[in-house]
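What follows is one structure encoded as structure tokens, with my remarks underneath.
The numbers here are math on the coordinates, done by the rules we state, and not lab data. These figures come from a predicted structure and were not determined experimentally. Neighbour counts are summed over all protein chains in view; Cβ atoms, including those assigned to glycine, are modelled from backbone coordinates with ideal geometry.
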Amino acid sequence: MIERTLSIIKPDATSRAITGKVNAMIEEKGLKIVAQKLIRLTAVQAEEFYQEHMGKPFFPNLVEIMTSAPIVVQVLQGENAITEYRKVMGATNPAVAEEGTIRKTFALSIDKNTVHGSDSPESAKREIAFFFSELEIYE
Ligand code: CMP
């Protein structure tokens with residue numbers, strides 16, 4: 001099934017100028033970038049985007065990190081894109097991510113873990129609509 005998922009290239013990556021290297025890994029794995037833009041989140045926007053984590057101990061730090069520099073938000077499209085992108089990213093904690101994944105290759109820590117990807121079809125729908133209108137997504 002052809003799906004879409006929301007990807008974020010996080011501040012730790014944009015500030016190290018490795019957006020192109022992350023995009024190369026995404027494209028090498030057959031995921032198509034059908035929308036992409038560079039933005040800087042406000043704290044209110046970051047809190048809303050990550051609302052499911054509100055109240056968790058790492059939440060304040062997550063908001064601080066996600067607002068510390070620009071991010072690249074993108075829509076990826078492909079066969080089983082949600083699950084496939086999670087495989088390409090690797091585990092949330094780079095210490096346990098598999099070799100060859102984006103996080104194993106580039107992430108600095110669980111907080112500065114280079115990329116985010118939607119975790120379910122429901123999340124993908126909400127997260128894509130959070131950043132993009134249909135007009136901004138290439139068919
Ligand atoms: P992400 O996929 O963007 O979703 C929430 C983020 O919170 C996660 O990646 C991590 O960068 C960060 N985070 C920090 N600590 C934790 C934790 N213990 N569990 C899950 N996510 C964490």
Practice item. Could you sort out which of Lys32/Lys56; Lys37/Lys87; Lys29/Lys56 sit more than 26 Å apart by Cα distance in this structure? Key: Lys32/Lys56; Lys29/Lys56
Review point. Among Arg126, Arg16, Arg103, which one moves the most in a GNM of the chain with springs linking Cα atoms closer than 10 Å?
Key: Arg16
Point to revise | Distance in nm between pseudo-label sites at Leu38 and Asn93 (7 Å out along the Cβ direction from Cα) | key: 3.4
Practice item. Just subtract the alpha-carbon distance of Ser120 and Phe59 from 0.36 nm times their residue separation and send over the number in nm, one decimal. Key: 19.9 nm
Point to revise | Spatially proximal aspartates and glutamates relative to Lys104 (Cα-Cα < 15 Å; intrachain offsets below 8 disregarded) | key: Asp12
Revision key, fill the gap. Shape call for region 36-130, from the Cα gyration tensor axes a ≥ b ≥ c (a/c under 1.5 means rounded, otherwise prolate when a/b beats b/c, else oblate), comes out oblate
